[in-house]
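Let me begin by presenting the structure, written as structure tokens, before commenting on it.
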Amino acid sequence: MLLRLVRRSYAAVRHLSTEAATTVKSTRSGGGTSTSSSLEGSTSTGGKDTLGKRILSLVYAKRSAVIAIRKWKEEGHPVRKYELNRIVRELRRHKRYKHALEVCEWMRVQDDIQLVSGDYAVHLDLIAKVRGMNSAEKFFEDLPDKLKVQTTCTALLHTYVQHKDTAKAESLMEKMSECGFLNCPLAYNHMLTLYISQGQLEKVPRLIEELKKNSSPDIVTYNLQLAVFASQNNVEAAEKAFVELKKAKLDPDWITFSTLTNIYIKNSLQDKAKSTLREMEKRISRKLRFAYASLISLHTNLESKDEVFRIWKEMKSLFRKLSDTEYTCMISSLLKLDEFGEAMKLYTEWESVSVTKDTRISNLLLAAYINKNEMEKAVEFHNRMVQKGISPSYTTWELLTWGYLKQKEMDKVLGFFKKAVTCVSKWDPDTKMVKEMFHVVEEQGNIQVAEQLLVTLRHAKYVNTEIYNALLRAYVNAGKMPMIVAERMKKDNVKMNEETQKLIGLTSKMTVTEVPDSVA
């Protein structure tokens, strides 16, 4: 929950980091930056051909924005800085960082385009995204001293925060303090985001006090602080921060009220939650599309079915096409509200319009069948996924493994577990699953499945003493003696412990089994 709340606030910080924070400075210096951020706003000239349209139409990263600019100039069209800045902003908004960087680099070598520090801050941010932190640092180091100012330093700080490099971020903050660059809340908000994301909540109060000495907290600061109080389930502190925010004559935004609603729901303060939720809804609009999913989730947590359906209906009227994320949110909410039939209807709708075939959405319904112990229907649904061209993911196989594990059908468990492990390049061991699988085979004395599990885990590079001990316990329960266990453990570079020796001693008195095919 804390990370989700931080991401919302961090989105606001990120937006400010190299655009909003530099707009005023760039404009004053003749940069001509525009505050418009809509795709239509930057290119809508009816059917007229524009440079923006040409560059934004370069869907593939390998195509060059520079070639598009050169061709535009060769055709006799003017190339204006304010237009290029607007195009860069749009490209960044659509995560087209390579093309945005190409435009910035082209501007930098033009004699007739005068760049200001805000332009270099955007350039640095794009270098970090495309080429990494080291390249961004080199770019900053190579800047003349007159450009190592508040905006470019803040952009570098933003890079350190994104890469979670606390040591470098703190060192840069000290240098910025010495230079008098900490007279606005932006840099502090970056550091707050870093500390919260790293779980270093003990550093938050001191940093906020320092911010108050040098500047004044803004709405992002308060939202980050509220996210901390939400994680600590501290209603009193959250309400006190909200009062302080109002006294500072700041306007709370939808994130503010979303966070407060979360705190109230967690503490069963239903009336207060409904009140803040109403305030949140007043502050969202078509431009804040991502806020609608949060609204649905909060109404779901309040078990307000009618409100969930109302918001979804409103979304469908506002937006021509709904995203996978929005379908995921609504389907998840319907499942939580025990509206399985409605969830399935919505899934069928998504299935008919989706071009992504995102298996994560299908996995929601698959998990619902498995949670209801309806494995036959789960398998039928899985077959439907495949027929519709939705490729099973690791999670799909993992869900089916757990489903049959609950029913202790170990042959099926083994089959799906093998598919799960082999469908990823590197398996991140699920120790709980491994423990439960061996628990069942031990209980059943199923040495055939136990041996095959060992082979599968060996291929996944996850074999240890406890796994061999679990294998031996399965042999004990089967009344059988395994062959060449010591040799196999040595080959797998696994050491025996006291329990291993004891189990080998027990099985040595039992009926001899054949050497497993896997080691024969």
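The values are calculated or read from the model by the stated rules, or taken from the named source; none is laboratory data. Small disclaimer: the values here were computed from a predicted structure and weren't measured. FYI the Cβ positions are ideal-geometry reconstructions off the backbone, even for glycines, and counts take in every protein chain you see. Surface areas here come from the heavy atoms of the whole protein model, side chains and all, with no ligands, DNA or RNA. Shrake-Rupley method; radii C 1.70, N 1.55, O 1.52, S 1.80 Å.
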Kindly state which helices (runs of 4 or more DSSP H) lie completely within the range 383-461 and contain at least 1 residues that are of a type in the set (Gly, Ala, Ser), within 26 Å of Val485 (Cβ to Cβ) and touching a residue at least 12 places away in the same chain (Cβ under 8 Å).
447-459
Which condition does Thr259 not pass, out of (1) touching a His at 6+ places or on another chain (Cβ under 9 Å); (2) touching a residue at least 60 places away in the same chain (Cβ under 8 Å), if it passes all the others?
(1)
Leu115 meets each of (1) among the aliphatic types (A, V, I, L, M); (2) surrounded by fewer than 21 Cβ atoms within 10 Å (Cβ to Cβ); (3) touching a Phe, Trp or Tyr at 6+ places or on another chain (Cβ under 8 Å); (4) under 19 Å from Arg89 (Cα atoms) with one exception, condition (3)
Checking Arg96 against (1) in contact (Cβ under 8 Å) with a residue 60 or more places away in the chain; (2) over 18 Å from Phe181 (Cα atoms), which single condition isn't satisfied?
(1)
Yes or no: Val421 closer than 22 Å to Lys372 by Cβ and surrounded by 15 or more Cβ atoms within 10 Å (Cβ to Cβ)?
no
I'm trying to understand the selection: among the residues of the range 328-359, which are part of a helix (DSSP H, G or I), over 23 Å from Asn301 (Cα atoms) and open to solvent by 30 Å² or more (accessible area, probe 1.4 Å)?
Thr348, Glu349, Ser352, Val353
Which ones in the range 360-392 are open to solvent by less than 30 Å² (accessible area, probe 1.4 Å) and over 13 Å from Tyr347 (Cβ atoms)?
Ile370, Met375, Ala378, His382
Considering Thr422, Thr456, Thr465, Thr513, which residue is of a type outside the set (A, V, I, L, M) and touching a His at 6+ places or on another chain (Cβ under 8 Å)?
Thr422
Go through (1) touching a residue at least 12 places away in the same chain (Cβ under 8 Å); (2) open to solvent by 70 Å² or more (accessible area, probe 1.4 Å) and name the single condition Ala474 misses.
(2)
Being more than 20 Å from Lys491 (Cα to Cα) and open to solvent by less than 100 Å² (accessible area, probe 1.4 Å) is the filter; apply it to the range 501-512 and report the residue that is modelled with the lowest pLDDT.
Val512
Say we look at the range 442-456 and pick out the residues that are out of contact with any Phe, Trp or Tyr (no Cβ under 9 Å at 6 or more places or on another chain) and under 23 Å from Asn493 (Cβ atoms); which of these is most open to solvent (accessible area, probe 1.4 Å)?
Gln452
Pull up the range 403-418, narrow it to residues that are of a type in the set (Phe, Trp, Tyr) and under 16 Å from Glu376 (Cβ atoms), then point me to the one that is least open to solvent (accessible area, probe 1.4 Å).
Tyr404
For the range 249-258, how many residues meet the condition of being surrounded by 13 or more Cβ atoms within 10 Å (Cβ to Cβ) and not in a helix (DSSP H, G or I)?
3
Within the range 178-202, track down each residue that is more than 17 Å from Lys129 (Cα to Cα), assigned to a helix (DSSP H, G or I) and touching a residue at least 12 places away in the same chain (Cβ under 8 Å).
Leu186, Ala187, Tyr188, Asn189, Met191, Leu192, Thr193, Leu194, Tyr195, Ile196, Ser197, Leu201
Positions within the range 102-126 being under 25 Å from Trp72 (Cα atoms) and within 24 Å of the chain's Cα centre (by Cα), in sequence order:
Val122, Leu126
Looking at the range 274-327 only, could you name the residues that are of a type outside the set (Asp, Glu) and in a loop (DSSP other than H, G, I, E, B)?
Arg283, Ile284, Ser285, Arg289, Phe290, Leu302, Ser304, Phe319, Arg320, Lys321, Leu322, Ser323
Filter the range 304-320 down to the residues that are modelled with pLDDT of 95 or more and among the basic types (Lys, Arg), then identify the one that is most open to solvent (accessible area, probe 1.4 Å).
Lys313
Take the residues of the range 139-154 that are of a type in the set (S, T, N, Q) and free of Cβ contacts under 8 Å to residues at least 40 places away in the same chain: which is farthest from Leu124 (Cα to Cα)?
Gln150
Among the residues of the range 157-176, the number that are more than 17 Å from Thr221 (Cβ to Cβ), part of a helix (DSSP H, G or I), open to solvent by 10 Å² or more (accessible area, probe 1.4 Å) and not aromatic (Phe, Trp, Tyr) is 9
Condition check for Glu137: open to solvent by 60 Å² or more (accessible area, probe 1.4 Å), at negative phi and not aromatic (Phe, Trp, Tyr):
no
Out of Ile284, Ile296, which single residue is open to solvent by less than 10 Å² (accessible area, probe 1.4 Å) and β-branched (Val, Ile, Thr)?
Ile296
Of all residues in the range 202-246, how many are of a type in the set (Asp, Glu) and either farther than 24 Å from Tyr264 by Cβ or exposed (fewer than 13 other Cβ atoms within 10 Å of the Cβ) (or both)?
4
Any residue at all in the range 484-491 that's on the phi > 0 side of the Ramachandran plot, in contact (Cβ under 8 Å) with a residue 12 or more places away in the chain, surrounded by fewer than 20 Cβ atoms within 10 Å (Cβ to Cβ) and among the β-branched types (Val, Ile, Thr)?
yes
